[in-house]
1. When the label point is put 7 Å from the Cα of Asp164 along its Cα-to-beta-carbon vector, which residues of segment 264-301 have a backbone N closer than 20 Å?
2. Considering the options Ser460, Gly327, Ser311, tell which one lies farthest towards the positive end of the dipole of the chain, charges being +1 on Lys and Arg and -1 on Asp and Glu at the Cβ, about the Cα centre.
3. Considering only the other residues whose Cβ falls under 14 Å of the Cβ of Ile331, what net charge follows from Lys and Arg at +1 and Asp and Glu at -1?
4. For Trp84, Trp309, what's the fewest-to-most ordering of other Cβ within 10 Å of each Cβ?
5. If you rank Thr263, Thr52 by fewest surrounding Cβ atoms within 10 Å, what's the result?
6. Farthest toward the dipole's positive end in the chain, which of Gln3, Ala389, Val420, given Cβ charges of +1 (Lys, Arg) and -1 (Asp, Glu) about the Cα centre?
7. Within segment 21-58, name every residue whose backbone N is under 15 Å away from a label modeled 7 Å from Cα of Glu140 along the Cβ vector.
8. At 30 angstrom or more along the helix axis (alpha-carbon based) and mean Kyte-Doolittle of -1.0 or higher, what helices does the chain contain? Whole DSSP H runs only.
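Read-outs throughout are calculated quantities, based only on the coordinates presented, and are distinct from any laboratory measurement. No experiment lies behind these values; they were computed from the predicted model shown. Don't worry about glycine lacking a Cβ; one is built from the backbone with ideal geometry, like all the others, and counts go over all protein chains shown.
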Amino acid sequence: MEQIFDLAVIGGGPGGYLAALKAAKLGKAVALVEKRDLGGTCLNRGCIPTKTLLHSTETYRGIGEAEKLGIQCQKPEFDTEAFWQYKDNVVQSLRDGIAQMLKKQKVTVFQGCGSVADIQESGDGQVITVDVTGADGSKEAIRTARVLIATGSKPAVLPIPGIDTPGVMNSDTVLDENRLGDDKKSRYETMIIIGGGVIGMEMATAYSNLGSQVTVIEAMDRILPVMDKEISQNLKMILKKRGVEIITSATVKEISKKDGSFTCQYAVKNKKGEEDLQSVKADGILISIGRKPETDGLFSEKLQKDSLWTSRRFLKVDENYQTELPGVYAIGDVIGGIQLAHVATAEGYRAVEHMFSLPFSQNLSIIPSCVYTDPEIACVGMTADEAKAAGMEVETGKYIMSVNGKSVLTLQERGFIKLVAEKGSGRLLGAQLMCARATDMIGELGLAVGKQMNVKDLASAVMAHPTFAEGIYEAAESMID
């Protein structure tokens, strides 16, 4: 008798494979379809490889400053071949772990491209057919009662002349090609990064750690434009000290290559509102201007229709992550919204909970955002400007981390912890951190915002000394009369 799965998940990234595991732990028969490697972009080409790169390059830069700690050592050398092996080992270890978890929970994994081919009603209920096409062209059909689409995204491409010039990298290929430099150099001496968002600033940090002269070109009036202005200003000053040039309010006009060197022509507006054309040259160039949904071949011609999509070609879903096709759900980057791995995971959990009539377990209105620069950046909830725009009266508490004991003894750069609270009640509305271990501490503040705690609640907790987390207490205490 043909097996009919309770759920087929298309996409094996953090949204897809964790949703598959959740359903399997409920005793459901689950299929998972992945066309490349388990773990998706996050594990193989995104979060994990980039953070591995940042960890290595920050350690390299730190060793170069070891004399400040009383440690004498020879000048360090960065072995790129050894680094790529380290990165590959990290990725493979985590990939193997995912495979073992799926096997333990009896999730059936299909290798290939998944396409929702047909939806039929039968005497036993709805049956959805998912066609799986292998890399060798082989075909296989899965029958399932429900489908969860979690195919993620891929680097976006701007209509810039010369953007397809050989050697121009995007956020996938900069790591996928195992290159920090060209064929003749272990690393680029000069690098242009187009885009001052999260990916761009993390890669600017990594390359500058290696000693590359980095130029960042950003179209908006500041880097990290969706974050608190003070974060953007501080990061720009820190990176400037490390030799990174940041050009804002600039529009890239053309990319060209000659004799192994790239030239990026861009325009900035002068005081008269006219465009002044300028250019910068470098050994390498990276495009990091966002991502677009991975939707190729998701539906058969029979099911394909315009109403499935938004104007930007993201899949439309309702509050429970259902598409307009019965029994078909979608989560993560493919639906737009906040394109973060942990958001995709939370959405996947909620979709599974809705499918099988379970109460929702997580608060998706409180989402932390992290940037793994040095110092780290982490935010949750509302900024003061956002709260004021929403018609709320607010007060802020801020602690400068340059007087924090752990920050001083570990030679940290300038940083701060800022809390935003409702005026009068003291209810915590948001937090913005720029300091060491910010990405580890933001979870505590996300819980506080979600549970509607006030600043007195935060200040009531005794913090260990010396720790970076003492800054949370100090920021909260500064707001108490």
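1. Residues passing the 20 Å test: 264-265, 285-297.
2. Ser460
3. Values: positive: Lys22, Arg146, Lys316, Arg350; negative: Glu294, Asp318, Glu319, Asp333, Glu347, Glu353.
Computed value for this residue: -2.
4. Values: Trp84 18, Trp309 15.
So the residues, fewest neighbours to most, are Trp309, Trp84.
5. Arranged by neighbour count, lowest to highest, Thr263, Thr52 become Thr263, Thr52.
6. Val420
7. Backbone N within reach: 30-38.
8. Working: long enough: 80-104 (36 Å, -0.64).
Counting only whole DSSP H runs, the qualifying helices are 80-104.
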